[in-house]
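Just so you know, all these numbers are worked out from the coordinates, no wet-lab data involved. The shown structure was predicted, so the numbers you read here are calculated from the model rather than taken from an experiment. For neighbour counting, all protein chains shown are included, and Cβ atoms are generated from backbone atoms with ideal geometry for every residue, glycine included.
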Amino acid sequence: MGEARIPPMGLGTYGRTGDAGAEAILAALEIGYRHLDTAQSYDTERPVGRALRRSGLKRDEVFLTTKVNTTNLSRDRFLPSVRASLEALQTDRVDLLLIHWPSPGDAVPFADYVTALAEARDRGLARLIGVSNFPIALVDRARGLIGADAIATNQVEVHPFLQNRLLRDHCAAAGIAVTAYMPLAKGKVADDPVLQGIARRHGAEPGQVALAFLLRLGLIVIPASARPERMRANFAATALTLDDAERAAIAGLDRGGRMIDPEWGPAWD
Ligand SMILES: NC(=O)c1ccc[n+]([C@@H]2O[C@H](COP(=O)([O-])OP(=O)(O)OC[C@H]3O[C@@H](n4cnc5c(N)ncnc54)[C@H](OP(=O)(O)O)[C@@H]3O)[C@@H](O)[C@H]2O)c1
């Protein structure tokens with residue numbers, strides 16, 4: 001259900017802080033990005049708000065996602081933190097609000113922050129809600145608490161070297177869109193010979209091939225770059241079509257290559 005409502009090509013804003021960050025995000029909006037992914041912990045909510053204001057675009061022309069930090073999951077902090085995010089973003093509602101990570105060490109009870117997430121939506125602070133870095137077991141626990149249809153997306157690490165098949169299949173069966181974070185494996189896709197070979201055949205770049213592969217799987221992608229020329233190339237990946245043999249070759253690159261794996265993180269599938 002989530003796929004139709006979240007633009008499949010978004011801009012990751014991690015690293016786009018301060019004035020330079022706002023400039024880069026504005027450049028992305030000028031290139032055509034209409035989905036911006038920020039988080040309380042990135043320090044990019046203000047630059048996103050400033051770029052959106054300066055772009056002259058209407059608020060409803062851009063899909064905004066933010067994420068509640070692990071330090072704000074408790075009942076007393078959750079909603080105030082979301083209101084602070086809205087203030088930083090210069091808006092009265094985000095399109096999508098995510099739990100950034102499950103509470104490390106279960107410091108905050110799971111039911112507390114999952115129900116607070118639904119409450120944020122019910123109070124009109126977010127149009128859609130979802131989760132991030134949730135393995136299958138936690139996705140199912142959350143659905144049990146707030147409803148089978150409540151979760152629009154699970155944002156997790158997915159790229160050619162970590163294809164996360166089990167989780168993707170589970171989410172697809174549950175009607176939950178998967179958003180692929182770090183879809184370029186932090187730029188490492190550029191060095192892969194298989195992706196380079198496919199890119200040459202298309203007169204494209206390996207990063208575009210990686211993104212086209214993920215989009216064809218039905219995923220939402222949120223690549224990041226500080227450079228407008230790369231933002232443009234990444235955005236153009238929506239127009240690149242890979243054939244079956246190319247997609248099979250990229251499927252073969254999966255090697256469980258997880259890059260984000262904090263010791264306090266959840267037990268992955
Ligand atoms: N939910 C979570 O826990 C979580 C965790 C991590 C990330 N995220 C989200 O996902 C977004 C993307 O992840 P990410 O920024 O970590 O990694 P990424 O998008 O996979 O890769 C970004 C890196 O790749 C380089 N790059 C960008 N386009 C390229 C291209 N076409 N060819 C080669 N290199 C390229 C960039 O360098 P230049 O800047 O020099 O171009 C940058 O170093 C983040 O911004 C954030 O919004 C979420």
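Quick look at the numbers
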| item | result |
| --- | --- |
| Asp261 free of Cβ contacts under 8 Å to residues at least 60 places away in the same chain, away from the ligand (no atom under 15 Å from the Cβ) and out of contact with any helix residue (DSSP H, G or I) (no Cβ under 9 Å at 6 or more places or on another chain) | no |
| Given (1) away from the ligand (no atom under 15 Å from the Cβ); (2) in a loop (DSSP other than H, G, I, E, B); (3) among the hydrophobic types (A, V, I, L, M, F, W, C), number of the condition Leu52 does not satisfy | (2) |
| Filter result for Arg34 (surrounded by fewer than 23 Cβ atoms within 10 Å (Cβ to Cβ), of a type in the set (Lys, Arg) and in contact with a strand residue (DSSP E or B) (Cβ under 8 Å, 6 or more places away or on another chain)) | yes |
| Residues of segment 64-81 that turn out to be part of a helix (DSSP H, G or I) and closer than 20 Å to Phe134 by Cα, as a count | 5 |
| Test for Ala51: is it in contact (Cβ under 8 Å) with a residue 60 or more places away in the chain and surrounded by 16 or more Cβ atoms within 10 Å (Cβ to Cβ) | no |
| Of the criteria (1) of a type outside the set (Phe, Trp, Tyr); (2) surrounded by fewer than 19 Cβ atoms within 10 Å (Cβ to Cβ); (3) under 30 Å from Asp112 (Cα atoms), which one Val221 fails | (2) |
| Residue satisfying all of: in segment 23-49; within 15 Å of the ligand (Cβ to nearest atom), in a loop (DSSP other than H, G, I, E, B) and not charged (D, E, K, R); farthest from Phe110 (Cα to Cα) among these | Tyr33 |
| Positions within segment 192-204 being without any contact (Cβ under 8 Å) to a residue 12 or more places away in the chain and within 14 Å of the ligand (Cβ to nearest atom), in sequence order | Gln196, Ala199 |
| Search result, residues across segment 176-191 that are farther than 15 Å from Leu162 by Cα and near the ligand (Cβ under 8 Å from one of its atoms) | Ala190 |
| Looking only at segment 144-175, and only at residues there that are more than 15 Å from the ligand (Cβ to nearest atom), in a loop (DSSP other than H, G, I, E, B) and of a type in the set (A, V, I, L, M), the one that is surrounded by the most Cβ atoms within 10 Å (Cβ to Cβ) | Ala150 |
| Answer from Thr17, Thr70, Thr65 - the residue that is within 13 Å of the ligand (Cβ to nearest atom), under 26 Å from Pro266 (Cβ atoms) and out of contact with any Leu (no Cβ under 7 Å at 6 or more places or on another chain) | Thr70 |
| Long-range neighbours under 9 Å by Cβ, at least six apart or interchain, first residue farther than 20 Å from Thr66 by Cβ within segment 97-112, second surrounded by fewer than 13 Cβ atoms within 10 Å (Cβ to Cβ) and not charged (D, E, K, R) | Gly105/Trp264 |
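This table checks each residue for (1) farther than 25 Å from Val178 by Cβ; (2) among the polar types (S, T, N, Q).
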position: Tyr42; (1), (2): no, no
position: Val62; (1), (2): no, no
position: Thr70; (1), (2): no, yes
position: Arg75; (1), (2): yes, no
position: Leu86; (1), (2): yes, no
position: Thr91; (1), (2): yes, yes
position: Leu96; (1), (2): no, no
position: Pro102; (1), (2): no, no
position: Ala107; (1), (2): yes, no
